[in-house]
Amino acid sequence: MTERRRHPRATVDLGAWLVWEHTSQSAVIRNIGAGGALIIAPGLEVPVRGRIQVDFSLGHGRIAVDAAVRHCPRPGWLGVEFLGLSAETIREIEHYVGRQHATERVKGHAPG
């Protein structure tokens, strides 16, 4: 499968809070990049093109972003595109992804 993303993503395990319509619940971000994320939110069924708010932390305070659901690979899994991010938030996410990739490279070369 050809990668269509404009921004690299990192595999993560980040706690998040989602708000959709009159529902809010905790979730887990499984991968993240400046363009979006894959979020696991069991029991939350948001339709493709639905809009949600995602609240999470990368270690330096909370980030709250609006997102559009682009695909649902499984029930409760949401592939989202972040909308209207500030330049500062984009830089923060890109920096975080870069740190995650550097950590993965170090772990990959660590003695077994």
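The values are calculated or read from the model by the stated rules, or taken from the named source; none is laboratory data. Here the structure is a predicted model, which means the values were calculated and not measured. Cβ coordinates were reconstructed from backbone atoms using ideal geometry, including for glycine residues, and neighbour counts include every protein chain displayed.
The set of residues in the stretch 74-88 being surrounded by fewer than 19 Cβ atoms within 10 Å (Cβ to Cβ) and either part of a strand (DSSP E or B) or charged (D, E, K, R) (or both) consists of R74, W77, G79, E81, L83, E88.
If the condition is being β-branched (V, I, T) and either surrounded by fewer than 19 Cβ atoms within 10 Å (Cβ to Cβ) or in a loop (DSSP other than H, G, I, E, B) (or both), then the stretch 32-53 contributes I40, V46, V48. Can you pull out every residue in the stretch 4-13 that is in a strand (DSSP E or B), farther than 17 Å from G76 by Cα and charged (D, E, K, R)? Those that are in a strand (DSSP E or B), farther than 17 Å from G76 by Cα and charged (D, E, K, R): none in the stretch 4-13. Once the stretch 81-112 is narrowed to residues that are β-branched (V, I, T) and closer than 15 Å to V12 by Cα, the residue that is modelled with the lowest pLDDT is T103.
Counting only residues that are among the basic types (K, R), within 15 Å of E81 (Cβ to Cβ) and either out of contact with any helix residue (DSSP H, G or I) (no Cβ under 8 Å at 6 or more places or on another chain) or surrounded by fewer than 15 Cβ atoms within 10 Å (Cβ to Cβ) (or both), how many does the stretch 1-31 have?
We begin by selecting, within the stretch 1-31, every residue among the basic types (K, R); these are 4-6, 9, 30.
Still in the list and also within 15 Å of E81 (Cβ to Cβ): 4-6, 9.
From the residues that got through so far, the ones that are either out of contact with any helix residue (DSSP H, G or I) (no Cβ under 8 Å at 6 or more places or on another chain) or surrounded by fewer than 15 Cβ atoms within 10 Å (Cβ to Cβ) (or both) too are 4-6.
So the count comes out to 3.
Which members of the stretch 37-53 meet the condition of being within 15 Å of G15 (Cα to Cα) and not polar (S, T, N, Q)? Lay out the reasoning, then the answer.
Kept after step one, since they are within 15 Å of G15 (Cα to Cα), are these residues of the stretch 37-53: 37-42, 53.
Correct list: A37, L38, I39, I40, A41, P42.
In summary, R49 fulfils each of the numbered conditions (1) free of Cβ contacts under 8 Å to residues at least 24 places away in the same chain; (2) out of contact with any strand residue (DSSP E or B) (no Cβ under 6 Å at 6 or more places or on another chain); (3) closer than 17 Å to A87 by Cα with the single exception of condition (3).
Summed over the stretch 14-26, the residues that are farther than 23 Å from H101 by Cβ and in a strand (DSSP E or B) give a count of 8.
Here the stretch 54-73 is the region considered, the condition is being out of contact with any helix residue (DSSP H, G or I) (no Cβ under 8 Å at 6 or more places or on another chain), surrounded by 15 or more Cβ atoms within 10 Å (Cβ to Cβ) and not small (G, A, S), and the residue that is nearest to A10 (Cα to Cα) is F56.
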